[in-house]
Amino acid sequence: MSRSKRTFTWLAIVSGVALAAAVAARTHAQTSAVVYEGARLITGGGGTIENSAFVVESGRFTQVGRRGELQLPAGVTRVDLTGKTVMPTMVDVHGHFGFQNIPAGTMSKETFTRENLIDHLQRLAFHGVGAVVGVGDLVDRSDMKGGRTGWGDVVLRVRDEIIPNAALFKTSGAGMAWPGSGAQGDPSRVDVAYPVTTVDEARAAVRDYVRIKPEFIKIWVDDRAGRKPTLTPPLYGAILDEAHKFNVPVAVHNVRQADAKEMVRGGIEGWLHVPVREGEIADDELVALVKDRVARNDRPNMWMTLSLVTSWMNTNGGGRPDFVDDPLLRATYAPRQIEQYWGEPLRKMTPEQVARAKDRFQSDAKSAMRLRAAGIRVVGGTDTGQSRFLIGYFNHMDLESMVAMGMTPAEAIVAATRDGAEIAKFNTGLVAAGRNADFMVLDANPLENISNTRRINKVVLRGQEVPRAEMAAKWQAQFGQTAATGK
C-alpha cells in the first residue's frame, strides 16, 4: 500500500472514531439522567415547590419533588440551581410567523421559507417559548376558482419535525375571511385566507381546509370599523357547522358582541382576541350564554388569547418604559428597530393619546375578566405578525398585560404554559413526570414581579440547553443589515 493510501486510510479511521465518539456523546447527553436541585419551582399547574428537585431523562421529566426526597438513578448528574427560579417554557397559540425578515424589517411571501420559519422558532426558544401555533399561515389551498394557490407545504413539513433549539410548531392553516377582510397590515398577508362570500363557498372551503389537519380553523369577523364587508352570521354559521362535522375546532378574530353571542350559540371553541372589544363590554346575556355552554357540557372547553400586548404597551406612552432598554430585547433586535417600533412612537404619544390607550385597555380587560370568570379559559397568544410585533419578546409582554388586566402572576403563568399546551395538544407547559423537559431558569422570582420572566439565565428544551449566547451573537451580527436598508 502506498504512503498516500495509508495516510488516507488512517485519517478515515480517525475521522470515523471521532464521529462515533461525538454521536455517542450526544446520545449519552440525551439519555443520561440529570437532577436539577435547589430552585424555586413554578410547576405551571398553579403550584410552587421551594428547594425543589426534578429529574430529566431522555428529554422528559421523570420525577418532580423536593430536594432530598427523590429516588435518584445511579450515575445521575447533579445541577445546583440554588437561588434560581424555574418555570415551564411558554406556549403561544396565536402567532403569525414566517413572513417577517427580521434583520431587514420587511415582510413578504417570499420570506416564508423553511429557513426563515425555523429562525423565528429559534428566536422564540431563545426567549423561553417552547411551542407555538401558527395562524394565517402561507400554505397551499384552493383558490376557490377550481385551482390551487401553489403556496407550498413549509408549515406541514416543519410541523412534523423536532428541530434543535427551536420551539415546537403546529399550524392552523391559512384561515377564512370575506375577501380582503382577513389579516390586515402588510400586503403579504391580506390575501392568504380562503375568500368566501356564500354559504356554499364556506362549506367547500372548510372541506378543503380540513385536509391539512389544522389545529383549528381560523376565521375573521371584523368589518374594520365599517370600512370592509365581513363574514355574516349565515356564513360563519355554515363554517362552524361544516367544521364540526369533521370534529375540527374553530377560532375567531371578532370584535362585536352580537357576533360573539351568535358564535357561542353556534359552538365556537376559541377567540384570537378578547371576544368583545372597541368600547363594548361583555354583557350579562353573553356571560350567561358562556355559563350555559359549560353547564350543559356543550363544547365547554372554550378559550381566548387576549392579544392585548400592544394595547398594554401603549398605556406606557409619553415616556420611555423600561422594556425599551431591556437587554433581552436588545439581544435580538437592532437598536434602530427598537427605536423605530417602540421608542419614538411611545415617546411622542400625547397625554390624550395615552389616556385613550388606557381607556381602551381597561375596557377590553373588563370584558376579558368577565368572560374568564364565566368559563372561557385565557391562554397565551401574542398576535405576532407585523414587523413592530417583537417575536419572542412579546410573550413576556403578554404575561405582563395579563397581570395588568387583573390576573395574578401565578394565573398568568398557568395561562401561558399549561393551559396553552392543553388547548394546542403539546406535551409541554408543565413540570411533571412524562412531559417534555422544557423549562426556563430565571435569576429572579416572577411571582413577585411578572417582569422577572425576562431575567432568563438559561432555557432547556427537551432536556437540552439552548445555546443562547451563540444564537444572540448570530442575530447581532445581522444588525448591520437593518442599518443598510434604512429600516
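The values are calculated or read from the model by the stated rules, or taken from the named source; none is laboratory data. Keep in mind the model is a prediction, meaning the values are calculated, not measured. FYI the Cβ positions are ideal-geometry reconstructions off the backbone, even for glycines, and counts take in every protein chain you see.
So, of the residues in region 410-432 that are more than 18 Å from the chain's Cα centre (by Cα) and surrounded by fewer than 23 Cβ atoms within 10 Å (Cβ to Cβ), which turns out to be nearest to Thr305 (Cα to Cα)?
Here the residue is Ala410.
For Arg435, work out the one condition from (1) surrounded by fewer than 24 Cβ atoms within 10 Å (Cβ to Cβ); (2) within 20 Å of Asp119 (Cα to Cα) it doesn't fulfil.
(2)
With the checklist (1) part of a strand (DSSP E or B); (2) without any contact (Cβ under 8 Å) to a residue 40 or more places away in the chain in hand, flag the one item Ala74 doesn't pass.
With (1) part of a strand (DSSP E or B); (2) without any contact (Cβ under 8 Å) to a residue 40 or more places away in the chain applied to Ala74, the lone miss is (1).
Can you tell me which residue within region 183-231, out of those that are of a type in the set (A, V, I, L, M, F, W, C) and assigned to a loop (DSSP other than H, G, I, E, B), is surrounded by the fewest Cβ atoms within 10 Å (Cβ to Cβ)?
Looking at residues that are of a type in the set (A, V, I, L, M, F, W, C) and assigned to a loop (DSSP other than H, G, I, E, B), I get Ala225.
Report yes if Pro327 is modelled with pLDDT of 95 or more and either in contact with a Phe, Trp or Tyr (Cβ under 8 Å, 6 or more places away or on another chain) or aliphatic (A, V, I, L, M) (or both), otherwise no.
No; evaluated as a whole, the condition is false for this residue.
All but one of (1) at pLDDT below 95; (2) surrounded by 11 or more Cβ atoms within 10 Å (Cβ to Cβ) hold for Arg3, so report the exception by its number.
The single condition Arg3 does not satisfy is (2).
Give region 163-197 a look and list any residue that's under 27 Å from Ile423 (Cα atoms) and polar (S, T, N, Q), or say none.
Asn165, Thr171, Ser172, Ser181, Gln184
Looking at Arg66, Arg159, Arg148 in this structure, which one is at pLDDT 95 or above, crowded, with 17+ Cβ neighbours inside 10 Å and charged (D, E, K, R)?
Arg159
Please tell me if Met407 is more than 21 Å from Leu168 (Cβ to Cβ), crowded, with 21+ Cβ neighbours inside 10 Å, aliphatic (A, V, I, L, M) and under 16 Å from the mean Cα position of the chain (by Cα).
no
Of the conditions (1) among the hydrophobic types (A, V, I, L, M, F, W, C); (2) in a loop (DSSP other than H, G, I, E, B); (3) surrounded by fewer than 23 Cβ atoms within 10 Å (Cβ to Cβ); (4) touching a residue at least 24 places away in the same chain (Cβ under 8 Å), Val35 fails just one. Which one is it?
Failing condition for Val35: (2).
Looking at region 42-61, which of its residues are crowded, with 18+ Cβ neighbours inside 10 Å and touching a Ser or Thr at 6+ places or on another chain (Cβ under 6 Å)?
Ile42, Gly44, Val55 - these are the residues of region 42-61 that are crowded, with 18+ Cβ neighbours inside 10 Å and touching a Ser or Thr at 6+ places or on another chain (Cβ under 6 Å).
Out of the strands (runs of 3 or more DSSP E) lying entirely within region 359-473, which hold 1 or more residues that are over 22 Å from Glu50 (Cα atoms) and in contact with a Phe, Trp or Tyr (Cβ under 8 Å, 6 or more places away or on another chain)?
Ranges flagged: 377-379.
State which residue pairs qualify: first residue farther than 19 Å from Val221 by Cβ and inside region 193-211, second residue assigned to a strand (DSSP E or B) in any location, beta carbons under 6 Å apart, and separation of 6 or more residues or different chains.
Pairs that qualify, where the first residue is farther than 19 Å from Val221 by Cβ and the partner is assigned to a strand (DSSP E or B), are Asp208/Ser142.
Which condition breaks for Glu352 when tested against (1) touching a residue at least 12 places away in the same chain (Cβ under 8 Å); (2) part of a helix (DSSP H, G or I); (3) of a type outside the set (Lys, Arg); (4) surrounded by fewer than 19 Cβ atoms within 10 Å (Cβ to Cβ)?
(1)
Are there any helices (runs of 4 or more DSSP H) wholly within region 233-340 with 3 or more residues that are polar (S, T, N, Q) and either out of contact with any Asp or Glu (no Cβ under 7 Å at 6 or more places or on another chain) or without any contact (Cβ under 8 Å) to a residue 40 or more places away in the chain (or both), and if so which?
Output list is empty.
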